[in-house]
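The values are calculated or read from the model by the stated rules, or taken from the named source; none is laboratory data. Given the structure is predicted, the values throughout are model-derived calculations rather than measurements. All Cβ positions, even for glycine, are placed from backbone atoms using ideal geometry, and neighbour counts span all protein chains on display. Just so you know, the surface numbers come from the protein's heavy atoms only, side chains and all, with ligands and any DNA or RNA stripped out. Shrake-Rupley method; radii C 1.70, N 1.55, O 1.52, S 1.80 Å.
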Amino acid sequence: MVIEPMGDEQITEAVRARYAGAARLRLREAADHAGPQDASGKTSEGACGCGDGCCGEAAKTQAIDPITTNLYDASDTPFDAALAASLGCGNPTALAQLSPGEDVLDLGSGGGLDVLLSARRIAPGGTAYGLDLTPEMLQLAERHRAEAGIENARFMLGAIERVPLPDAAVDVVISNCVINLSADKDAVLREAFRVLRPGGRFAVSDIVLLRDIPGELRAVVALWTGCISGALRDTDYVAKLTAAGFEDAGIEVTRRYDRAELEAMADQLDPTHLPAGMTLADAVQALDGAFASAFIRATKPA
Ligand SMILES: C[S@@+](CC[C@H](N)C(=O)[O-])C[C@H]1O[C@@H](n2cnc3c(N)ncnc32)[C@H](O)[C@@H]1O
């Protein structure tokens, strides 16, 4: 199969449709009080890797997803439903070192777990904002907020490329496995810089590429990790942060995806979405060690 490049609007629509499906699944499960969960509360359907509306029927297995599982200390994460619905690839709230009174923005807040965890840490006095372009995700997050009784969290509908907050509105920007999905990463980083106060912190978990790979393999990484758009090369991430005005930009790999993890995820990938002539075994071999989850840090000059 030849993978045609998508336009920005097509990417956004595909992302929205894919995460609307994941959120509807969780909302249905909540309504039924039962769902297809494994012991960790995760299924591969709707996971960051692949799922509903993206990689086809092959995605709809019950395998544990190595990208999204075991990211949070369960004893310090009292929001069970939000934890089960999380689709991140790290725990940016652990990176951000939040203090009472700070204001936080989560780009692509999904089911709201990182917003709720942040809200707890910045109380009293701080507000945690979650921004997401998928109305169904906002509905799910608001449900989780109400269940948790958290008062200092607000969820907003909108795109991370055009943040609906004024300049210098927050102390910390977090995000979890979202920026790799954006069709315009420069705009996202410019907006993060704009809404941060001087001295503010960018503390993000995301998927990165650790080495250059051919274009046709980038499309496969995108299918594997975010399904639609694709991860930045680690060095490009730092360069783009610096171009946006940030200082002290750095990347710390938290989880590498080597052969074992790729093989574990391979049954989530529809082989008909691979480039012509490429088998899953070829893709695993070519991508062994090429992408990772990482903490990405930077600071807005004081
Ligand atoms: C992989 S999920 C991660 C959700 C959440 N951060 C978490 O850790 O569970 C990606 C989320 O980002 C949202 N999203 C993707 N692209 C976006 C964009 N350009 N603007 C706003 N939200 C976006 C999706 O709707 C989805 O809820």
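Give, as a single signed number, the net charge of other residues whose beta carbon lies under 12 Å from the beta carbon of residue 144, with Lys and Arg counted +1 and Asp and Glu -1.
Overall, the nearby charge balance is -1.
For the range 250-297, what is the Kirkwood estimate of the hydrodynamic radius, computed as the reciprocal of the mean inverse distance between distinct Cα atoms, to one decimal in Å?
When all Cα pairs of the range 250-297 are included, the Kirkwood radius is 11.7 Å.
What percentages make up the Cα-Cα pair-distance distribution of the range 8-299 when the bins are 10 Å wide from 0?
Once binned at 10 Å, the Cα pair distances of the range 8-299 give 7, 31, 37, 20, 4, 0.
Which FRET efficiency value, to the nearest 0.05, is calculated for residue 154 and residue 10 with the Förster distance at 25 angstrom and r the Cβ-Cβ distance?
0.25
Among 68, 127, 254, which one shows the biggest mean-square fluctuation in a GNM of the chain, springs joining Cα atoms closer than 10 Å?
Taking springs between Cα atoms under 10 Å, the residue moving most is 254.
What accessible area per residue comes out for the chain, rounded to a whole number of Å², with a 1.4 Å probe?
On a per-residue basis, the chain sits at 40 Å².
Would you calculate, for the chain, the mean residue ellipticity at 222 nm contributed by helices, counting each DSSP H stretch of 4 or more residues as -39,500 (n - 2.57) and dividing by all residues, to the nearest 500?
-10500 deg cm²/dmol
Once amide H atoms are built 1.01 Å from N in the peptide plane, which residues 5 or more positions from residue 155, or in another chain, come under 5 Å H to H?
130
Show me, for the range 10-20, the HN-Hα J-couplings you get by feeding each phi into the Karplus relation (A = 6.51, B = -1.76, C = 1.60, θ = phi - 60°), rounded to Hz, glycine and proline as x.
Computed from phi, the couplings for the range 10-20 are 4, 4, 4, 5, 5, 5, 4, 5, 5, 7, 4 Hz.
Considering only protein heavy atoms and a probe of 1.4 Å, how much of the accessible area of the chain is carbon and sulfur, as a whole percent?
Within the chain, the accessible surface is 51 percent carbon and sulfur.
What residues have an amide H closer than 5 Å to that of residue 111, excluding those fewer than 5 places away on the same chain, when H is modeled at 1.01 Å from N in the peptide plane?
87
Express in % the proportion of alpha carbon pairs of the range 72-184 at distances exceeding 24 Å.
14 percent
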